1. Could you identify the single residue in Gly40, Gly36 that is open to solvent by 20 Å² or more (accessible area, probe 1.4 Å), small (Gly, Ala, Ser) and within 13 Å of the chain's Cα centre (by Cα)?
2. So which helices (runs of 4 or more DSSP H) stay within segment 17-94 end to end and still have 3 or more residues that are in contact (Cβ under 8 Å) with a residue 40 or more places away in the chain?
3. Can you spot a residue in segment 26-44 that is at pLDDT 95 or above and on the phi > 0 side of the Ramachandran plot?
4. If you scan segment 49-84, which residues turn out to be surrounded by 13 or more Cβ atoms within 10 Å (Cβ to Cβ), hydrophobic (A, V, I, L, M, F, W, C) and modelled with pLDDT under 95?
5. How many of the residues in segment 1-33 are open to solvent by 40 Å² or more (accessible area, probe 1.4 Å) and in contact with a Ser or Thr (Cβ under 8 Å, 6 or more places away or on another chain)?
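The values are calculated or read from the model by the stated rules, or taken from the named source; none is laboratory data. The model shown is predicted, which means the values in this text are computed figures rather than measured ones. Using ideal geometry, Cβ is built from the backbone for each residue, glycine included, and neighbour counts are taken over all protein chains shown. Note: accessible area is taken over every heavy atom of the protein model, side chains too, but ligands, DNA and RNA are not part of it. Shrake-Rupley method; radii C 1.70, N 1.55, O 1.52, S 1.80 Å.
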Amino acid sequence: MSNSKETAHIATYDGINFSVWKLGLWVLLEQHNLFGIVQGEELLPDMQNLAGNLANADAIASWKQRDCKARGYILSTIEVSQQRILIDCTSAYQMWQALSAQHLEQASDNLYDH
């Protein structure tokens, strides 16, 4: 999981302050070369080669470790109330998509409140 010292400077996402939270999180993810995993640009390497044998074991293990680290950073920087929407997410990319979709939905709802 993440170190609280690494995430202490990031505003905790409370469902309202998405832009400020995202700014801090993005810097942290870039520092640890995790941005591509969260953005869905770096996908889990193929597990089998053309012969059907397990391949890329080291690359798969590395990707899984980095994805886990990114999920830890996301979870440690959001309030428990926001974590509920992430329960079914199995990757940092899925978490990011769920949080982004929630933010866009709330932003859209707020357009009609004014």
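1. Working: Gly36 fails: open to solvent by 20 Å² or more (accessible area, probe 1.4 Å).
The conditions single out Gly40.
2. Numbers: elements: 18-31, 35-39, 57-76, 80-83.
Passing ranges, in order: 18-31, 35-39, 57-76.
3. The answer is yes, given that some residue of segment 26-44 is at pLDDT 95 or above and on the phi > 0 side of the Ramachandran plot.
4. Here is the first cut: in segment 49-84, the residues surrounded by 13 or more Cβ atoms within 10 Å (Cβ to Cβ) are 55-56, 59-60, 63-64, 66-78, 82-83.
If we keep only those that are hydrophobic (A, V, I, L, M, F, W, C) too, we end up with 55, 59-60, 63, 68, 70, 74-75, 78.
Result: Ala55, Ala59, Ile60.
5. 4
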